[in-house]
Amino acid sequence: MPERTPRDLFARFQHNVLSGAAALDAEMLADDVVVEQPFARHRTEGRERVAAMAEEGRASLPVAFEEFRDVTVHETADPEVIVTEYRLVGTLRGSDVRAQAAFVVVLRARDGRIVHWREYQDRAAIAEALA
């Protein structure tokens, strides 16, 4: 099997999100992965912790995600790193409230696995949608 590129891993992330699974699954993560969400002042380290965080987050979020919009993937001078911009659209479960929020992710992959994921979220849009 060919080694997964940063773009391949981002595509898997998108598939996971739209299928209702945890966004980041253990198979796509390096043992020493670091996930940061600077605007939330949150940092998680290690495959098991990140996978557990992703599973708990998916289970607790009352949103059915339907679509990635305006996806742009920026290549960088470093072949291990891409920067992605996108809007994620979803509907609150049990309602007809549809909302979207903007995200930027800096993804670093090595040996076919994510070693660093830094995610910037439109926290105000998310809070408004969940209110």
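Each reported figure results from applying straightforward, stated rules to the coordinates on display, with no laboratory input. All values derive from a computational prediction rather than experimental measurement. When we count neighbours, we look across all protein chains shown, and the Cβ atoms used for this are built from the backbone with ideal geometry, even at glycine.
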Check your understanding: residue 74 is checked against (1) part of a strand (DSSP E or B); (2) within 14 Å of the chain's Cα centre (by Cα) and fails just one. What number does that condition carry?
Key -> (2)
Check your understanding: When you go through 98, 118, 43 one by one, which is the residue that is surrounded by 12 or more Cβ atoms within 10 Å (Cβ to Cβ) and more than 21 Å from residue 129 (Cα to Cα)?
Key -> 118
**Study point:** Single condition residue 17 does not satisfy, out of (1) part of a helix (DSSP H, G or I); (2) β-branched (Val, Ile, Thr); (3) over 26 Å from residue 131 (Cβ atoms)
**Key:** (3)
**Study point:** Check on residue 65, among the aromatic types (Phe, Trp, Tyr), touching a residue at least 24 places away in the same chain (Cβ under 8 Å) and surrounded by fewer than 14 Cβ atoms within 10 Å (Cβ to Cβ)
**Key:** no
Study note, to complete from the structure: In the stretch 35-59, residues that are more than 17 Å from residue 121 (Cβ to Cβ) and not in a helix (DSSP H, G or I) total 2
Review point. Looking at this structure, is residue 96 more than 12 Å from the chain's Cα centre (by Cα) and in a strand (DSSP E or B)?
Key: no
